[in-house]
């Protein structure tokens, strides 16, 4: 049980400090974030869609600011799913 709690704390820290690398493509970042969310979920904790969407957007580098602000101003992010965000970020 202690190992599970420790692993969950480590994964939560990775979630809280998540950043997309400057040289990382968006598909790789999405895969890495999704894997992190799944590992956390498998240990019994869930983050809601809105929290995950905001967390991922905050983790984008400055080069993504225009797209990030366009998404934030055009959508009600409270009703936005992470899958919808991924679609927006990967579309040309």
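For segment 30-73, name all the residues that are farther than 30 Å from residue 3 by Cα, without any contact (Cβ under 8 Å) to a residue 40 or more places away in the chain and out of contact with any helix residue (DSSP H, G or I) (no Cβ under 9 Å at 6 or more places or on another chain). Lay out the reasoning, then the answer.
Initially, segment 30-73 is screened for residues farther than 30 Å from residue 3 by Cα, giving 57, 60-73.
Next cut, without any contact (Cβ under 8 Å) to a residue 40 or more places away in the chain only: 57, 62, 65-73.
Selection gives 62, 65, 66, 69, 73.
Could you grab me the full set of residues in segment 5-29 that are out of contact with any helix residue (DSSP H, G or I) (no Cβ under 9 Å at 6 or more places or on another chain) and either within 21 Å of residue 48 (Cα to Cα) or loosely packed, with under 11 Cβ neighbours inside 10 Å (or both)? Please lay out each step first, then the result.
As a first pass, look at segment 5-29 and keep what is out of contact with any helix residue (DSSP H, G or I) (no Cβ under 9 Å at 6 or more places or on another chain): 5-6, 9-10, 13, 17, 23, 25, 28.
Listed by number, the residues that qualify are 5, 6, 9, 10, 13, 17, 23.
Of the numbered conditions (1) surrounded by 15 or more Cβ atoms within 10 Å (Cβ to Cβ); (2) touching a residue at least 40 places away in the same chain (Cβ under 8 Å); (3) more than 10 Å from the chain's Cα centre (by Cα), residue 90 satisfies every one except a single condition; which is it?
Here residue 90 clears every test but (1).
Every number in this text was worked out from the coordinates using simple rules, so none of it is lab data. Remember, predicted model here, so these are calculated numbers, not experimental data. Positions of Cβ are generated from backbone atoms using ideal geometry, with glycine treated the same way; all protein chains shown enter the neighbour counts.
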